[in-house]
Amino acid sequence: MGRVAYVNGAFVPHANATVHIEDRGYQFADAVYEVWALFDGKLADAEGHFARLERSLSELSIPMPMSRAALTLVLKAAVRRNRVREGLVYLQVSRGVATRDHAFPTKPVRPAVVITVKGFDRAASEAKAARGVGVVTTPENRWGRCDIKTVGLLPNALAKQKAREAGAAEAWFVDDLGFVTEGASSNAWIVDANGSLRTRDTNANILRGITRDTLLDVIRDAGLTVNERPFTPDEAVAAKEAFITGAGTLVQPVIAVDGRVVGDGAPGPVAMRLRSLYIERAKALAI
Ligand code: PDD
């Protein structure tokens with residue numbers, strides 16, 4: 001059997017998986033999503049992603065489409081049916097389908113649920129981590145609720161394209177005060193001159209990354225110092241190391257910012273150590 005997707009209660013061939021043209025996710029980005037890394041067929045860091053999904057839905061007054069237990073079963077069935085062991089699971093929940101009107105449907109509609117599973121070459125991802133990646137900076141231009149994981153990702157998509165055209169892997173948004181907020185699909189970190197870790201606090205307008213949260217625990221357990229405060233691109237260039245975190249990249253060393261070399265231009269020991277510690281922890285938290 002080839003690739004399959006879950007769409008509103010049914011598993012269908014991926015190539016034929018469709019949603020209605022008046023799905024509010026399609027018309028208004030009125031939808032939220034989650035991405036889990038898969039390790040050995042299990043949903044990594046599972047709990048954190050479920051908790052954030054529930055929060056994102058609640059912030060938009062979209063009901064959970066089913067219980068967390070039922071959703072877990074469906075996600076795991078999707079993984080099994082796609083025969084993927086290493087990869088990513090994508091879940092999207094929109095408010096549902098209704099005749100176009102900006103305000104919410106007056107008659108309640110059922111949230112629309114879509115799940116896709118994508119295989120991933122773990123060895124290639126390890127090789128990329130060992131090489132390190134470049135990032136470019138771009139002015140912060142997103143709305144004020146980046147704490148909600150919505151599919152309203154046009155600024156992120158444009159920023160990522162800018163990175164790709166510059167031969168970089170990620171774009172870092174920079175706010176009006178000159179501080180990095182986060183990446184287009186990751187959180188941003190440095191290891192400063194004193195060897196302390198630094199990442200932006202979540203009072204800022206950023207997504208509270210689950211990888212970020214778990215890594216904070218890992219860092220504290222390893223006895224390392226971490227400060228949740230912002231840094232500028234210049235500080236990243238002057239830092240010993242820089243890296244990004246996310247379900248797609250895990251912990252990915254950054255070796256250049258706008259073409260300026262970070263540290264000695266190679267992935268640093270702290271980032272590489274945290275990558276393996278994170279993977280160990282995410283596997284322990286996988287279901
Ligand atoms: N992106 N910041 C943004 C804007 C993100 O889109 C993501 C994740 C993160 C990291 O969050 P987490 O550690 O929970 O994955 C931070 C996912 C992977 C995506 O859009 O594909």
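Looking across Val35, Val12, one residue alone is in a strand (DSSP E or B), within 14 Å of the ligand (Cβ to nearest atom) and either more than 24 Å from Asp213 (Cβ to Cβ) or touching a residue at least 24 places away in the same chain (Cβ under 8 Å) (or both). It is Val35.
Scanning segment 189-230 for residues that are closer than 20 Å to Ala44 by Cα, within 16 Å of the ligand (Cβ to nearest atom) and not hydroxyl-bearing (Ser, Thr, Tyr) yields Leu207, Arg208, Gly209, Ile210, Arg212, Asp213, Leu215, Leu216, Asp217, Val218, Ile219. One residue is enough: does segment 58-69 have a residue meeting the conditions within 16 Å of the ligand (Cβ to nearest atom) and assigned to a helix (DSSP H, G or I)? Looking for residues that are within 16 Å of the ligand (Cβ to nearest atom) and assigned to a helix (DSSP H, G or I), one finds at least one in segment 58-69, hence yes. As for segment 92-105, it holds at least one residue that is under 30 Å from Asp121 (Cα atoms), buried (at least 20 other Cβ atoms within 10 Å of the Cβ) and over 17 Å from the mean Cα position of the chain (by Cα). Residue pairs whose Cβ atoms lie under 6 Å apart, sitting 6 or more positions apart in sequence or on different chains, and linking a residue in segment 214-225 that is in contact (Cβ under 8 Å) with a residue 12 or more places away in the chain and of a type in the set (Ser, Thr, Tyr) to a partner that is surrounded by 12 or more Cβ atoms within 10 Å (Cβ to Cβ) and in a helix (DSSP H, G or I), are Thr214/Arg281.
Restricting Glu140, Glu126 to residues that are touching a strand residue (DSSP E or B) at 6+ places or on another chain (Cβ under 7 Å) and farther than 30 Å from Asn8 by Cα narrows the list to Glu140.
Restricting attention to segment 255-283, which residues are within 14 Å of the ligand (Cβ to nearest atom) and not aromatic (Phe, Trp, Tyr)? Please lay out each step first, then the result.
Pass one, segment 255-283, residues within 14 Å of the ligand (Cβ to nearest atom): 274-275, 278-279, 281-282.
Within segment 255-283, Leu274, Arg275, Ile279, Arg281, Ala282 meet the criteria.
Mind checking whether some residue in segment 210-219 is acidic (Asp, Glu) and closer than 25 Å to Glu34 by Cβ? Yes, that holds for at least one residue.
Within segment 38-56, restricting attention to residues that are among the aliphatic types (A, V, I, L, M) and either touching a Phe, Trp or Tyr at 6+ places or on another chain (Cβ under 8 Å) or touching a residue at least 40 places away in the same chain (Cβ under 8 Å) (or both), which residue is surrounded by the most Cβ atoms within 10 Å (Cβ to Cβ)?
Start the filter on segment 38-56 by keeping residues that are among the aliphatic types (A, V, I, L, M), which leaves 38, 43-44, 46, 51, 53.
Among the residues that remain, those that are also either touching a Phe, Trp or Tyr at 6+ places or on another chain (Cβ under 8 Å) or touching a residue at least 40 places away in the same chain (Cβ under 8 Å) (or both) are: 38, 43-44, 46, 53.
Details: Leu38: 24, Leu43: 22, Ala44: 27, Ala46: 19, Leu53: 19.
It comes out as Ala44.
Looking at Gly9, Gly2, just one residue is of a type outside the set (S, T, N, Q) and modelled with pLDDT under 95, and that residue is Gly2. Screening the candidates Thr211, Thr245 for the property of being in contact with a strand residue (DSSP E or B) (Cβ under 7 Å, 6 or more places away or on another chain), assigned to a strand (DSSP E or B) and under 19 Å from Leu285 (Cβ atoms) yields one hit, Thr245. Among all residue pairs at least 6 apart or on different chains, which show Cβ distances below 8 Å where the first residue, located in segment 87-110, is outside the structural domain of Gly248 (by TED's automatic domain parsing) and the second is assigned to a loop (DSSP other than H, G, I, E, B) and within 15 Å of the ligand (Cβ to nearest atom)? If the second residue must be assigned to a loop (DSSP other than H, G, I, E, B) and within 15 Å of the ligand (Cβ to nearest atom), the pairs left are Gly87/Phe120; Leu88/Phe120; Leu88/Ala247; Leu88/Gly248; Gln92/Val151; Ser94/Val151. Tell me whether segment 41-51 contains one or more residues that are hydrophobic (A, V, I, L, M, F, W, C), outside any helix (DSSP H, G or I) and within 21 Å of Ser186 (Cα to Cα). Within segment 41-51, one or more residues are hydrophobic (A, V, I, L, M, F, W, C), outside any helix (DSSP H, G or I) and within 21 Å of Ser186 (Cα to Cα).
The values are calculated or read from the model by the stated rules, or taken from the named source; none is laboratory data. Just so we're clear, the structure is a prediction, and the values are computed from it rather than from any experiment. With ideal geometry, Cβ positions are generated from the backbone for all residues, glycine too; neighbour counts draw on all protein chains shown.
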